[in-house]
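Have a look at the structure below, then the notes.
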Amino acid sequence: PLRPGWDPFNKIHIHELERIQSMAARFVLGKYGRTESSRCMKRELNWQYLQDRRRNLRLKLFYSIYNNKTGINASDYLKKAYYQSSRHDHKFKVRPYNPRTDLFKHSFFPQSIVEWNTLPADVVGRKTADSFYEALCPPQ
């Protein structure tokens, strides 16, 4: 399977990648008419939006790092959150970084931590990376 090599954060770049996927869907199905919806074609092919796929794969890698399933030492990059609300947070909450630039803000750890902390406890508490990924990708 293909793995994302670039995770853009500018709307222009995100749109360009999605446009390429739309063109690919038209090619695969052989539907080139202007009245044909590329959104419907992607649904017919059961293709996720690229932005969603990149996010889910990034969070799957983050899950693996958090649970020490990679060669990356989690304690070098991840610290327990200072505060956890028993009503709103899960026990797996991670202290967010304080990025000063957009480039760092949208890099792997800062962006993943923000998204990780908003996930429900039953998702982040999954036993395997695959079951975690499946919980992120509900059937279409």
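The values are calculated or read from the model by the stated rules, or taken from the named source; none is laboratory data. Just so we're clear, the structure is a prediction, and the values are computed from it rather than from any experiment. Because the Cβ atoms are built from the backbone with ideal geometry, glycine has one as well, and the counts that use them run over all protein chains shown.
Computed values, structure above
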item	result
Filter result (over 19 Å from the mean Cα position of the chain (by Cα) and small (Gly, Ala, Ser)) within region 84-108	SER85, SER86
So ALA24, is it aliphatic (A, V, I, L, M), surrounded by 14 or more Cβ atoms within 10 Å (Cβ to Cβ) and closer than 16 Å to TRP116 by Cα	no
Selected residue (only one of ARG87, ARG95 is basic (Lys, Arg) and modelled with pLDDT of 90 or more)	ARG95
Condition broken by MET41, with the remaining ones in (1) surrounded by 12 or more Cβ atoms within 10 Å (Cβ to Cβ); (2) hydrophobic (A, V, I, L, M, F, W, C); (3) farther than 26 Å from PRO138 by Cβ; (4) more than 18 Å from the chain's Cα centre (by Cα) satisfied	(3)
Residue in region 21-38 that is free of Cβ contacts under 8 Å to residues at least 60 places away in the same chain, aromatic (Phe, Trp, Tyr) and farther than 27 Å from SER131 by Cα present	yes
Residue match in region 53-68 (condition: out of contact with any strand residue (DSSP E or B) (no Cβ under 7 Å at 6 or more places or on another chain), surrounded by fewer than 15 Cβ atoms within 10 Å (Cβ to Cβ) and over 29 Å from GLU16 (Cβ atoms))	yes
